[in-house]
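Student: Dumping the structure here so I can ask a few things about it.
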Amino acid sequence: MKKRLLVTGGVGYIGSHTVVELMNAGYDVVIVDNLNNSSISILDQIFEIAGQKPEFRELDLCEEAKVAQFVKDNPSISGVIHFAAHKAVGESVQNPLKYYRNNFFSILNLLTAFEGRKVNFVFSSSCTVYGQPTQLPVTENAPVQKAESPYGNTKQVAEEILAEVAAANTNYNIISLRYFNPVGAHESALIGELPIGVPQNLVPFITQSAIGKRGPITVFGDDYNTPDGSCIRDYIHVVDLAKAHIAALKRQEQDKMMSKYEVFNVGTGKGSSVLEAITTFEAATGVKLNYVIGPRRQGDIEQVWGDVAKASSELNWEAQLGLPEMMRSAWAWENYISNKKFN
Ligand code: NAD
Ligand code: WQD
């Protein structure tokens, strides 16, 4: 019998790639999403790639009674991957309550609805919890630093909630995956990131600038204490990231967890600068970019990349795809969406 999983936020960027990998791996998937930052037509795209459509339920996870009813109506769900959240750092500073309400009510309603049931739970956390680490690469044992934004704080506090719930409730197996910087798109170019408005993240800005939707890229600072002066991040291909969720689920299903709550870094273990990202895009696609050097962006971390030894040894997972493939696939996706309207 196929294992049945709930994927919240499953038509979003990382969720849609993960749903494809889960279905390819033989899971039966039900998505819950309120389409707040995504399009229903992604379900057709998923079908085109995977040859099957996941079940879909449009539901706002903030609606406690409806979440409880949904969970009650689905007694065979054995695992939850919880992607659904608001994720724009800048917006969270402008409107913290929007972030605290959505991200906390969602996770609390889910955990409450599943209380008493044996369930595996995988949570989308972020390297943002580390702030600027004093030691690089940063390991899972590095101290969590005061969050730079309400968004970052929702990840930190959610991790604390999960650790406490797992300790108190032996039915839960919980893994938080701390993603580094997810970029790129599925090799089919049928799913990818759909940024609304001006992209705040580097790679969507690069591809939109390259295709002519935006002007030149601004490199936010070239006077950092890094080899070329620009900031360094651990960019990870979204398909590699999707596969890490399957590795986490397998660990839970095979009872390999050392405690009821575990945390893993999910990155490549390699840092790349903003200027390297730009030159890699140019080399991988043959498209020239225009960029200007601008001032530092407030709140930016100078450099961070992950120690991924724990994921390698305990999840048996490692990233396979490098920065050129991330850039090529992001560019193919940008070209695809420039000719397509999502509703
Ligand atoms: P996304 O916005 O593309 O996907 C999130 C999905 O959740 C969307 O489809 C949205 O409609 C849905 N959603 C939001 N609130 C909901 C609610 N109350 N009820 C039901 N559905 C709701 O974002 P993503 O980039 O795929 O991110 C997925 C997760 O990974 C998020 O938790 C995010 O914080 C985390 N994360 C993302 C990044 C990144 O750079 N993309 C990095 C680290 C962590
Ligand atoms: C990457 C680098 C910028 C745009 C954010 C969140 C983090 C996580 C991922 C969810 C930085 C530089 C960017 C541009 C630039 N999300 N840049 N020009 O800031 O590492 O992380 O997304 O958890 O929480 O903070 O990603 O893609 O915004 O920036 O020079 O137009 O590119 O300064 O050094 P970031 P990013």
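Student: Kindly establish whether THR285 is surrounded by 20 or more Cβ atoms within 10 Å (Cβ to Cβ) and under 24 Å from GLU325 (Cα atoms). Steps first, answer last, please.
Tutor: On the way: surrounded by 20 or more Cβ atoms within 10 Å (Cβ to Cβ): yes; under 24 Å from GLU325 (Cα atoms): yes.
Judged against the criteria, THR285 is a match.
Student: Given GLY10, GLY51, which one is over 19 Å from the mean Cα position of the chain (by Cα) and at pLDDT 95 or above? Write out each step before concluding.
Tutor: Working: GLY10 fails: over 19 Å from the mean Cα position of the chain (by Cα).
After applying the criteria, what remains is GLY51.
Student: Does the stretch 272-280 contain at least one residue that is near ligand 2 (Cβ under 10 Å from one of its atoms), assigned to a loop (DSSP other than H, G, I, E, B), under 20 Å from the mean Cα position of the chain (by Cα) and not basic (Lys, Arg)?
Tutor: Taking the stretch 272-280 and keeping what is near ligand 2 (Cβ under 10 Å from one of its atoms), we get 272-275, 277-278.
Of the ones still in play, those that are also assigned to a loop (DSSP other than H, G, I, E, B) are none.
Checked against the condition, which is being near ligand 2 (Cβ under 10 Å from one of its atoms), assigned to a loop (DSSP other than H, G, I, E, B), under 20 Å from the mean Cα position of the chain (by Cα) and not basic (Lys, Arg), the stretch 272-280 yields no hits at all.
Student: Tell me, which residue of the stretch 1-36 that is of a type in the set (A, V, I, L, M, F, W, C) and over 16 Å from PHE56 (Cβ atoms) is least open to solvent (accessible area, probe 1.4 Å)? Spell out the reasoning first.
Tutor: Applying the first criterion (of a type in the set (A, V, I, L, M, F, W, C)) to the stretch 1-36 yields 1, 5-7, 11, 14, 19-20, 22-23, 25, 29-32, 35.
Subset that is over 16 Å from PHE56 (Cβ atoms): 1, 14, 25.
On the way: MET1: 224, ILE14: 29, ALA25: 51 Å².
Ranking the qualifying residues of the stretch 1-36, first place goes to ILE14.
Student: LYS260 is checked against (1) in contact with a Phe, Trp or Tyr (Cβ under 8 Å, 6 or more places away or on another chain); (2) farther than 30 Å from ARG117 by Cα; (3) at pLDDT 95 or above and fails just one. What number does that condition carry?
Tutor: Unmet for LYS260, out of (1) in contact with a Phe, Trp or Tyr (Cβ under 8 Å, 6 or more places away or on another chain); (2) farther than 30 Å from ARG117 by Cα; (3) at pLDDT 95 or above: (2).
Student: Answer with yes or no whether GLY215 is within 13 Å of ligand 2 (Cβ to nearest atom), farther than 24 Å from TYR100 by Cα and either open to solvent by less than 10 Å² (accessible area, probe 1.4 Å) or aliphatic (A, V, I, L, M) (or both).
Tutor: Values: within 13 Å of ligand 2 (Cβ to nearest atom): yes; farther than 24 Å from TYR100 by Cα: yes; either open to solvent by less than 10 Å² (accessible area, probe 1.4 Å) or aliphatic (A, V, I, L, M) (or both): no.
Against the criterion (within 13 Å of ligand 2 (Cβ to nearest atom), farther than 24 Å from TYR100 by Cα and either open to solvent by less than 10 Å² (accessible area, probe 1.4 Å) or aliphatic (A, V, I, L, M) (or both)), GLY215 does not qualify.
Student: Of (1) open to solvent by less than 10 Å² (accessible area, probe 1.4 Å); (2) assigned to a helix (DSSP H, G or I), LYS310 satisfies all except one. Which?
Tutor: Going through (1) open to solvent by less than 10 Å² (accessible area, probe 1.4 Å); (2) assigned to a helix (DSSP H, G or I) one by one, LYS310 breaks only (1).
Student: With the structure loaded, tell me whether VAL119 is away from ligand 1 (no atom under 13 Å from the Cβ), closer than 25 Å to GLY90 by Cβ and either among the aliphatic types (A, V, I, L, M) or crowded, with 23+ Cβ neighbours inside 10 Å (or both) or whether it fails that test. Even if it seems obvious, please write down each step before you answer.
Tutor: Details: away from ligand 1 (no atom under 13 Å from the Cβ): yes; closer than 25 Å to GLY90 by Cβ: no; either among the aliphatic types (A, V, I, L, M) or crowded, with 23+ Cβ neighbours inside 10 Å (or both): yes.
It is false that VAL119 is away from ligand 1 (no atom under 13 Å from the Cβ), closer than 25 Å to GLY90 by Cβ and either among the aliphatic types (A, V, I, L, M) or crowded, with 23+ Cβ neighbours inside 10 Å (or both).
Student: Kindly indicate whether any position in the stretch 249-266 is among the hydroxyl-bearing types (Ser, Thr, Tyr), within 16 Å of ligand 2 (Cβ to nearest atom), open to solvent by 20 Å² or more (accessible area, probe 1.4 Å) and assigned to a strand (DSSP E or B). Don't jump to the end; show me each part of the working.
Tutor: Start the filter on the stretch 249-266 by keeping residues that are among the hydroxyl-bearing types (Ser, Thr, Tyr), which leaves 259, 261.
From the residues that got through so far, the ones that are within 16 Å of ligand 2 (Cβ to nearest atom) too are none.
No, the stretch 249-266 has no match at all.
Student: When the residues of the stretch 78-91 are narrowed to those that are assigned to a helix (DSSP H, G or I) and more than 10 Å from ligand 1 (Cβ to nearest atom), which ends up most open to solvent (accessible area, probe 1.4 Å)? I'd like the intermediate steps shown before the answer.
Tutor: First, pick out the residues of the stretch 78-91 that are assigned to a helix (DSSP H, G or I): 89-91.
Going one step further and asking which of them are more than 10 Å from ligand 1 (Cβ to nearest atom), we end up with 90-91.
On the way: GLY90: 46, GLU91: 73 Å².
Across the stretch 78-91, the extreme among qualifying residues is GLU91.
Student: Mind checking whether some residue in the stretch 92-115 is within 30 Å of ALA189 (Cα to Cα) and among the hydrophobic types (A, V, I, L, M, F, W, C)?
Tutor: No, every residue in the stretch 92-115 fails to be within 30 Å of ALA189 (Cα to Cα) and among the hydrophobic types (A, V, I, L, M, F, W, C).
Student: For the stretch 1-37, which residues satisfy the criterion of being closer than 20 Å to HIS237 by Cα and either among the aromatic types (Phe, Trp, Tyr) or within 16 Å of ligand 2 (Cβ to nearest atom) (or both)?
Tutor: Passing the criteria: GLY9, GLY12, TYR13, ILE14, GLY15, HIS17, THR18.
Table: residues versus (1) open to solvent by less than 30 Å² (accessible area, probe 1.4 Å); (2) of a type outside the set (A, V, I, L, M); (3) within 21 Å of ILE232 (Cβ to Cβ); (4) more than 10 Å from ligand 2 (Cβ to nearest atom).
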| position | (1), (2), (3), (4) |
| --- | --- |
| SER124 | yes, yes, no, no |
| PRO133 | yes, yes, yes, yes |
| LEU136 | no, no, yes, yes |
| THR139 | no, yes, yes, yes |
| LYS146 | no, yes, no, yes |
| SER149 | yes, yes, yes, no |
| GLY152 | yes, yes, yes, no |
| LYS155 | yes, yes, yes, no |
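The values are calculated or read from the model by the stated rules, or taken from the named source; none is laboratory data. Remember, it's a predicted structure, so these values are computed and weren't measured experimentally. Backbone-built Cβ (ideal geometry, glycine too); neighbour counts: all protein chains shown. To get the accessible areas, we keep the full protein, side chains included, count just its heavy atoms, and leave off ligands, DNA and RNA. Shrake-Rupley method; radii C 1.70, N 1.55, O 1.52, S 1.80 Å.
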